[in-house]
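Asker: One structure follows; several queries about it will come next.
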Amino acid sequence: MRSTMMDYPLVLPSILKRAKEVHPHKEIITKWHDNSIQRLTYGDFYKRTIRLMSALRKAGVKPGDAIATFCLNHSVHLELYFAIPSIRAVLHTINIRLFPEQLTYIINEAKDKFIFVDKSLASSIEKNLSQIHGVQKYIIIDDKENIPLPNLPNSILYEDFLKTGDEVENFEPIDEFEAAGICYTSGTTGNPKGVVYSHRSTYLHSMSICMGDALNIRESETVLPVVPMFHVNSWGIPFAAVMTGCKLVFPGKHLLGAALAELLESEGVTLTAGVPTVWNVLYQHLKKTKYNLKLHTMVVGGSAAPRGLIEGFEKEFGISILHAWGMTETSPVGTVSHLRGFMNEWEDEKRYSYRAKQGVPVPGVEIRAVDDQGKDVPKDGKTPGELLVRGPWIAASYKSGESPESFTSDGWFRTGDVVVLDEFGYMQITDRKKDLIKTRGEWISSVDMENLVMADPDVLEAAVVGRKDPVRDEAPVVFIVPIEGKTLDAKKIHDRLKDHFAHWQLPKLDDIRSVSTIPKTSVGKFDKKILRKQLEE
Ligand code: AMP
């Protein structure tokens, strides 16, 4: 029997139009570089976005063209998020922290036609102009940083560019499988790989993350995404927020400690999202300074949310950390760790250990863990396997066909994450395949070790990598950044680890090292490649 349902495409303009129809008066706030606060309504945002669509078309943008952004989180970036795909062009959000070679590589590989760039970030582009080919126009967004305009060829200010368009609705039919956006992986080896999202995958991902058992984004929330709009579409939050019509607060460059806390307080933010390092800094700040926050949920992902942080935020500030896992290739949200109803009865110890897991797949996504032969490992909470994933917002290939070995012949994406699954289907990451440490033929989980070390109240950050060892093959080395005013007590850390690791897995006392910072990747994760290199040297 054939279905009698409508063939209604899942495309981004329908999210945009709903926001105008249903929530025209809801606010979109931006804090610009000079601390000024801009307040737009969804109605204003809609008018500016259709004008931008018109300006892009008049400037010669055609379906399929890649149009790049080089921007922080602000309202103009949101206009670009919707206007570019709505004219069937492809939104390429460039990571502003890439090294020059990677930056120029992805601009050229994506064949970006225009680049929209924040004034304060433009120097990174300016310095590399000789290596950038094919970009026809630079549109500069005045982010209110008090510096002169950059010297980019064929450039125009965003507000002047906007004036070239007409405020008229002109939506053309879009096939839901057409490309809407492209993000490049932030892999630390080889060239970044392009992942091309469709309208359909973006739409379905947005619907999924709004669900109560996912990120629970809904109209009544005030949402501030700290996770950059250049990192996997800010985890899809801007699309989901516009879909539901919630008040959106964009922090611009105000991302740390006091500046962030003030904005969370003044705009009554209830839900926010970002990588653990941001929340670590905020946690330390909140311990010293009192704020009147309405914040109830902090989505944490990108790296493992330390259990101590989850417990600390909840017990001291009544803020719940929602731990989520994902990748550029998974749009990104794949799993989320909510407690099941019956788990709320459990004692603290067990509840927090579950909250610290990466959780269960959100509806629409399937996961498995397999051994080296591709056989499913038992769901016993201890046998590690590589995580495989599939679903409507999971990549089926990279843009240029690189790394075909990442995709199985029967339709699963190999994540490279090593995980255990337990009897309730909760997934816990024990490592990246390449970060595993092998000691006397047995694997040690660097993530488990980091979590234990970071549970120490005197530790701000900890990263564990392996060093070559003549007896043990590899031995773990623990790099620790103590919190301000504290010094490292290696013996105390060693004692803490002793209860959880076999003696042959433990680091030597002088392999527990104090450092002033841990190097981070362009998206704020610990850069273990640099640490390993430092050890080799
Ligand atoms: P990216 O594509 O840059 O977002 O990086 C994806 C990788 O980040 C994953 O394959 C994981 O290794 C890691 N990752 C993401 N979320 C988590 C998490 N909640 N816990 C541990 N690792 C994570």
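Asker: Order these peptides, 18-30, 222-234, by their mean beta-carbon neighbour count within 10 angstrom, highest first.
Answerer: For the peptides 18-30, 222-234, the packing ranking is 222-234, 18-30.
Asker: Counting every Cα pair in the range 20-254, what percent are over 22 Å apart?
Answerer: Every Cα pair in the range 20-254 considered, those over 22 Å come to 50 percent.
Asker: I've got another one for you. Before I look further, what does the range 366-432 give for accessible area per residue, probe 1.4 Å, in whole square angstrom?
Answerer: 48
Asker: Right, something else. How much length is gained if the chain between His296 and Asp473 is pulled fully straight, taking 0.36 nm per residue apart and subtracting their Cα-Cα distance, in nm to one decimal?
Answerer: So the chain would gain 59.2 nm between His296 and Asp473.
Asker: Here is a further query. Out of every Cα pair in the range 1-152, what percent are spaced more than 22 Å from each other?
Answerer: Pairs farther apart than 22 Å: 47 percent.
Asker: Related question: What span do the alpha-carbon atoms of the range 281-380 cover on each of the three principal axes, reported in whole Å from largest to smallest?
Answerer: The principal-axis extents, from largest down, are 53, 33, 23 Å.
Asker: Along the charge dipole of the chain, pointing to its positive end and built from +1/-1 on Cβ of Lys, Arg, Asp and Glu, which listed residue (Leu293, Leu52, Ile437) has its Cα farthest out?
Answerer: Working it through, the farthest residue towards the positive pole turns out to be Leu52.
Asker: On a C-alpha basis, how far is the centre of the range 248-266 from the centre of the range 150-226 in Å? Whole number, if you could?
Answerer: 22
Asker: Between Ile483 and Ser155, what length in nm is gained on full extension when 0.36 nm per residue of separation is reduced by their alpha carbon distance?
Answerer: Taking Ile483 through Ser155 to full extension adds about 113.6 nm, to one decimal.
Asker: Now for a different question. When the Kirkwood hydrodynamic radius is evaluated over all pairs of different C-alpha atoms of the chain, what value in angstrom, to one decimal, is obtained?
Answerer: This gives a value of 24.2 Å.
Asker: Summing -39500 (n - 2.57) over the DSSP H runs of n ≥ 4 in the chain and dividing by its residue number, what mean residue ellipticity at 222 nm do you reach, to the nearest 500 deg cm²/dmol?
Answerer: That comes out to -8500 deg cm²/dmol.
Asker: OK, next. For the chain, what is the charge dipole size about the Cα centre, in debye to the nearest 20, if Lys and Arg each add +1 at the Cβ and Asp and Glu each add -1 at the Cβ?
Answerer: Once rounded to the nearest 20, the dipole reads 480 debye.
Asker: Greater than 27 Å separation of Cα atoms is the criterion. Which listed pairs, Lys350/Lys468; Lys379/Lys491; Lys433/Lys533; Lys438/Lys528; Lys31/Lys193; Lys253/Lys525, meet it?
Answerer: Lys350/Lys468; Lys379/Lys491; Lys31/Lys193
Asker: Taking Cα centroids, how far is the range 449-506 from the range 345-397 in Å?
Answerer: Distance between centres, Cα-based: 26 Å.
Asker: How long are the semi-axes of the ellipsoid equivalent to the range 201-251, from square roots of 5 times the Cα gyration tensor eigenvalues, in whole Å, largest first?
Answerer: Here the semi-axes work out to 15, 14, 9 Å.
Asker: Quick one: pull the percent of accessible area on the chain belonging to carbon and sulfur, 1.4 Å probe, ligands and nucleic acids left out.
Answerer: Of the solvent-accessible surface of the chain, carbon and sulfur hold 50 percent.
Asker: Sticking with this one: Per q in 0.18, 0.21 1/Å, what log10 I(q)/I(0) does a Debye calculation on the alpha-carbon atoms of the range 167-239 return?
Answerer: After summing over all Cα pairs, the log10 values are -0.89, -1.05.
Asker: What area, in nm² and to one decimal, does the C-alpha convex hull of the range 436-536 cast on average over all directions?
Answerer: For the range 436-536, the mean projected area of the Cα convex hull comes to 6.3 nm².
The values are calculated or read from the model by the stated rules, or taken from the named source; none is laboratory data. Source: prediction; values computed, not measured. Neighbour counts run over all protein chains shown; Cβ positions are idealised from the backbone, glycine included. Ligands, DNA and RNA are stripped out before the accessible areas are found, and what is left, the full protein with its side chains, is counted by its heavy atoms. Shrake-Rupley method; radii C 1.70, N 1.55, O 1.52, S 1.80 Å.
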